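Working notes, beginning with the structure itself.
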Amino acid sequence: MFTDAPLSSEDPSNPIFDSNPRVQILSIKKVTPGGPNPVERHRVIISDGVHFVQGMLAAQLNSLVLDGLAVKNSVVNLTKWAVNTLTTQQQNKRLLIVLAMEVVGVTEKIGSPENLDLKASEGAAGVASPTTPAEQKVFKVEVPQASSAPRQQPKPAGRPPGSTVVVFPIESLSPYQNKWTIKARVIQKSDIKHYSNQRGEGKLFSVTLMDESAEIKATGFNTVVDELYDKFEEGKVYEISRGKVQIAKRKYSNVNNDYELNFERGTEVREVTDVAEMPAIKYSFIELKALDQQTKDSTVDVLVIVKQIGDLTQVTSKATQKAIPKRDLTVVDRSTYSCRLTLWGKQAENFNEPNQPVIAFKGLRVGDFGGRTLSMSGSSTMTVNPDMEEAHKLRGWFDQEGGAANFQSHSSAGASAGSATISRTEMKTFQDVKDEGLGTEERQDFFTTRATITHIKPDNLAYPACPTPNCNKKVIESGYENWRCEKCDKSYPKPEYRYIMSIAAADYTTQAWLQGFNDVGIAVFGMKADEMFELKDASQDDFEAAVKKGVGKSFLFSIKAKTDTYNDTTRVRYGVMRLAPLDWKEECHSLLETLHSPYAQ
Amino acid sequence: MAQIEDVRINGKMMGEYVGKIARMVGKVNRVVDRSAVFTTSDGMTISVTLLPDAKITDTIVEFVGQVVNDTTLKMLAVYNMGDDEDLLSVVDQTVELIHKPQFSNMFY
């Protein structure tokens with residue numbers, strides 16, 4: 001019976017599946033798969049008296065075995081069953097999956113059945129009619145064939161003789177299958193990263209693989225890095241087999257797949273040149289305007305213009321104490337929204353794309369740091385000026401109108417002075433701020449407001465600071481023309497003065513005291529702190545006049561409210577993270593908008 | 001000089017303020033002899049009778065004048081306001097709002 005064509009077919013409409021063949025179980029073996037919730041399974045050998053095949057009992061039948069109803073040599077009716085095919089390099093193995101059965105009785109072994117699978121003729125293993133990857137599932141469909149005729153099938157074109165490999169779609173990979181081959185394009189390859197944990201040190205690299213069905217992340221550790229790192233090139237297509245399928249560690253990846261691959265010592269990687277069917281990177285772009293509907297930590301793709309490139313800064317990771325280079329970009333798209341996008345590491349250092357390029361980003365992480373931000377992560381990709389219709393359209397739009405358009409921003413005040421932006425949607429008056437008690441609890445609150453300077457405290461306008469870029473620590477004068485910085489461990493003949501000011505500012509509701517740093521001083525006074533000091537030395541009157549000139553100026557302030565304790569007094573301090581001059585037109589539009597809104601009716 | 005009460009209006013309101021002093025912001029299209037062809041903030045074209053020493057340097061100006069009829073203003077003073085025509089829509093919206101019942105008591 002097993003040699004009948006239908007056994008080879010998985011077509012559910014085939015009549016044999018309706019019949020309930022009577023077979024004998026020759027052996028039952030318990031198998032406990034690994035994993036978090038191992039369920040006992042039983043491997044069986046099923047015979048029809050002439051041949052036997054390997055099989056598995058579905059978990060729901062476990063009780064039959066445990067209760068002793070199904071034992072070695074039991075004769076059973078298979079009431080519900082299916083066929084799985086496992087393909088390995090040279091072999092075609094079929095498994096009979098028993099979903100339901102009735103035990104009829106027990107008798108001694110009937111006949112001398114032979115292994116059905118060994119009947120496969122040499123070199124002819126594999127699928128008779130390969131379906132296109134898009135339709136393939138884990139179970140392969142074979143064309144029914146005459147019994148006992150040696151199976152032959154056309155070898156898939158382009159394969160080296162002898163190895164007839166069947167390609168699985170990435171979507172079908174699961175930990176239950178360990179013998180698979182995929183053909184995929186590397187859309188992203190990470191750098192080699194070093195790490196150390198309790199077990200010692202190690203290194204790893206990862207790639208993101210993609211075919212028409214899905215994407216998946218694959219990682220190689222330690223020795224595998226040496227073997228495979230150079231084999232992979234971004235953009236090329238490879239056949240990969242004999243890796244381990246594992247549950248995805250979502251913490252380390254934003255690739256959309258429940259599973260991920262682990263490259264091992266035996267993993268085989270072969271570059272493929274016939275890439276006709278391989279799709280290029282697939283994007284599903286989201287408009288920046290829609291970002292606030294995305295939850296934090298979700299993954300998005302965007303197609304944007306880089307309106308502004310920030311400077312390269314260093315951020316010290318609290319976890320590893322390492323300085324990581326970082327660069328913020330301001331990106332915009334046709335939804336007339338702008339957003340902050342952060343690059344890290346080498347990408348930040350090497351980013352140098354002039355002329356406001358169109359960039360397609362894939363796999364960005366959405367953050368909620370002051371509104372919405374976007375961040376490159378380990379598995380994000382960035383393609384500059386991609387050759388796509390939408391990219392060209394975006395370029396055209398920006399060159400025509402976008403350059404001058406006013407963009408609404410998703411990012412409100414951020415924590416670091418360099419990357420805060422002004423957000424109109426989070427404008428508050430000082431009275432609001434005080435009423436709402438912003439900054440009074442443990443955390444910091446950010447808001448934006450439009451206010452006018454009413455008073456500047458003239459004493460203690462600036463402090464001597466370390467001239468090393470980005471240091472800014474106060475330096476101590478330890479001798480004539482000898483100013484020392486503790487942090488950099490360096491001495492300078494002259495410090496660079498940086499503003500630190502107390503400003504009283506008011507809006508139409510009430511007044512507040514703000515703390516401003518160097519950038520605030522420069523905006524208010526129009527000159528650097530060093531110059532202010534020179535002026536002070538030259539003429540006290542001129543100096544006072546210059547200070548007075550700052551009074552009455554209005555700005556948009558981006559403020560961080562935080563509770564501080566200084567010498568026993570606990571106060572809410574309003575630190576100015578960023579200030580911007582008022583664009584009257586924008587302000588008018590904004591006010592008019594409010595007036596036209598239901599608020600004002 | 002007595003306190004002159006002037007109202008900010010746009011073109012279509014002129015009919016209601018005939019004989020009164022008004023302020024109008026708009027664009028000067030051209031000057032012909034003693035009058036200017038003027039587009040009001042709401043896009044109407046009217047004629048402004050100019051004073052002999054009227055100094056008009058910018059495209060966008062504000063005229064203070066007496067409303068003669070619904071298409072003529074007799075100028076008393078002029079203020080130059082630059083060349084940014086986007087201002088006109090902002091001004092017009094403001095003028096409309098000023099005259100709305102819920103806001104007008106804030107102004108006049």
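Considering only protein heavy atoms, what is the solvent-accessible area of B:ARG23 at a probe of 1.4 Å, reported in Å² to the nearest 10?
50
For A:ARG94, enumerate residues with amide H under 5 Å from its amide H, sequence gap 5+ or separate chain, H modeled in the peptide plane.
A:LEU86
Do any residues of the stretch A:554-601 show a loss of at least 10 square angstrom of accessible area between the isolated chain and the full protein assembly, using a 1.4 Å probe, and if so which?
A:LYS585, A:CYS588, A:HIS589, A:LEU592, A:LEU595, A:HIS596, A:ALA600, A:GLN601
Grab the other residues whose beta carbon is less than 14 angstrom from that of B:ASP70, score K and R as +1, D and E as -1, and report the net.
Local charge sum for B:ASP70: +1.
First compute the accessible area of the stretch B:7-107 with a 1.4 Å probe, then give the percent of it belonging to carbon and sulfur atoms. List each step's numbers first, then the result.
On the way: 2670 of 5120 Å².
Whole-percent figure for carbon plus sulfur exposure: 52.
When only Cα pairs under 8 Å and 6 or more residues apart are kept, what is the percent relative contact order across the stretch B:7-107?
This gives 27 percent for the stretch B:7-107.
Counting only protein chains, not ligands or nucleic acids, how are A:HIS42, A:HIS596 ordered by accessible area (probe 1.4 Å), most first?
So, going from the largest accessible area down, we get A:HIS596, A:HIS42.
Please report the accessible area of A:ARG498 (heavy atoms, 1.4 Å probe, ligands and nucleic acids excluded) in Å², nearest 10.
Its heavy atoms expose roughly 50 Å² to the probe.
What length, rounded to one decimal in nm, is gained on full extension from A:TRP397 through to A:THR223, with 0.36 nm per residue of separation minus their alpha-carbon distance? Don't jump to the answer; show the numbers that get you there.
On the way: separation 174, 0.36 × 174 = 62.64 nm, distance 4.93 nm.
Contour length minus Cα-Cα distance gives 57.7 nm.
Karplus couplings for the stretch A:228-237 from phi (6.51 cos²θ - 1.76 cosθ + 1.60, θ = phi - 60°), rounded to Hz, Gly and Pro as x?
Result, ordered by residue: 9, 4, 6, 5, 8, 10, 4, x, 9, 10 Hz.
Order the following by accessible area, largest value first: A:LYS80, A:LYS193. Probe radius 1.4 Å; ligands, DNA and RNA are ignored.
Greatest to least solvent exposure: A:LYS80, A:LYS193.
Please give the solvent-accessible surface of A:LYS494 in Å², to the nearest 10, using a probe radius of 1.4 Å with every protein chain present.
Approximately 150 Å² for this residue.
In Å², rounded to the nearest 100, what is the total accessible surface buried by chains A and B against each other with a 1.4 Å probe?
About 800 Å² of accessible surface is lost on pairing.
Given 10 °C and 1.306 mPa s, how large is the Stokes-Einstein diffusion coefficient of the stretch B:1-66 in µm²/s, with Rh as the Kirkwood radius over Cα pairs?
In µm²/s, the coefficient rounds to 129.
At most 13 other Cβ atoms within 10 Å plus a DSSP loop assignment makes a site exposed; report the longest stretch of chain B without any exposed GluC sites (Glu not before Pro).
On the way: sites that count: B:GLU5, B:GLU85.
The reported range is B:6-84.
List, in the order given, every pair from A:LYS322/A:LYS494; A:LYS326/A:LYS474; A:LYS189/A:LYS307; A:LYS203/A:LYS249; A:LYS251/A:LYS362 whose Cα-Cα distance in the structure shown is over 19 Å. Don't skip to the end; give the middle numbers.
Values: A:LYS322/A:LYS494 30 Å; A:LYS326/A:LYS474 24 Å; A:LYS189/A:LYS307 27 Å; A:LYS203/A:LYS249 17 Å; A:LYS251/A:LYS362 17 Å.
With Cα atoms farther than 19 Å apart: A:LYS322/A:LYS494; A:LYS326/A:LYS474; A:LYS189/A:LYS307.
Hey, what's the stretch B:7-107 come to in accessible area per residue, 1.4 Å probe, Å²?
Accessible area per residue: 51 Å².
Taking 50 Å² as the minimum loss, tell me which residues in the stretch B:63-108 lose that much accessible area going from the chain by itself to the full protein complex (1.4 Å probe).
At a threshold of 50 Å² (probe 1.4 Å), the residues of the stretch B:63-108 that become less exposed are B:VAL90, B:GLN93, B:LEU97.
Using a 1.4 Å probe on the protein chains only, how many percent of the accessible area of the stretch A:519-601 belongs to carbon and sulfur? Please report the intermediate quantities before stating the final value.
Details: 2550 of 4920 Å².
Answer for the stretch A:519-601 is 52 percent, counting heavy atoms of protein chains only.
Determine the share of the stretch A:170-277's accessible area contributed by carbon and sulfur atoms, expressed in whole percent, with a 1.4 angstrom probe.
Within the stretch A:170-277, the accessible surface is 45 percent carbon and sulfur.
Considering only the other residues whose Cβ falls under 15 Å of the Cβ of A:ALA504, what net charge follows from Lys and Arg at +1 and Asp and Glu at -1?
Neighbour charge sum, excluding A:ALA504 itself: +4.
If we count every other residue with Cβ under 10 angstrom of A:HIS42's Cβ, Lys/Arg +1 and Asp/Glu -1, where does the sum land?
On the way: positive: A:LYS29, A:LYS30, A:ARG41, A:ARG43; negative: A:GLU40.
Once all neighbours under 10 Å are counted, the net charge is +3.
Under 12 Å from the Cα of A:LYS296, which aspartates and glutamates turn up, not counting those fewer than eight places away in the same chain?
A:ASP368
Ranked from highest to lowest mean number of other Cβ atoms within 10 Å per residue, what is the order of the peptides A:212-219, A:252-259? If you can, show how the numbers build up before the last one.
Working: A:212-219: 21.4, A:252-259: 17.9.
By packing density, highest mean first, the sequence is A:212-219, A:252-259.
Starting from the Cα of A:LYS346, draw a straight line to each of the aspartates and glutamates and keep only those under 19 Å, dropping any in the same chain fewer than 8 residues away.
Within the straight-line cut-off, A:LYS346 pairs with A:ASP191, A:ASP230, A:GLU233, A:GLU234, A:ASP311, A:ASP328.
Work out the count of Lys pairs in chain B where the Cα-Cα distance is under 17 Å, with the pair 8 or more places apart or on different chains.
8
Mind checking which lysines have their Cα closer than 19 Å to the Cα of A:LYS72? Skip sequence neighbours fewer than 8 apart in that chain.
Reachable lysines: A:LYS29, A:LYS30, A:LYS109.
Would you mind checking the tilt of helix B:86-98 against the longest principal axis of the Cα atoms of chain B, expressed as 0 to 90 degrees and rounded to 10?
Compared with the principal axis, the helix lies near 40 degrees.
The values are calculated or read from the model by the stated rules, or taken from the named source; none is laboratory data. These numbers come from a predicted model, not from an experiment. Methodologically, a virtual Cβ is constructed for each residue, glycine included, from the backbone with ideal geometry; neighbour enumeration extends over all protein chains shown. Just so you know, the surface numbers come from the protein's heavy atoms only, side chains and all, with ligands and any DNA or RNA stripped out. Shrake-Rupley method; radii C 1.70, N 1.55, O 1.52, S 1.80 Å.
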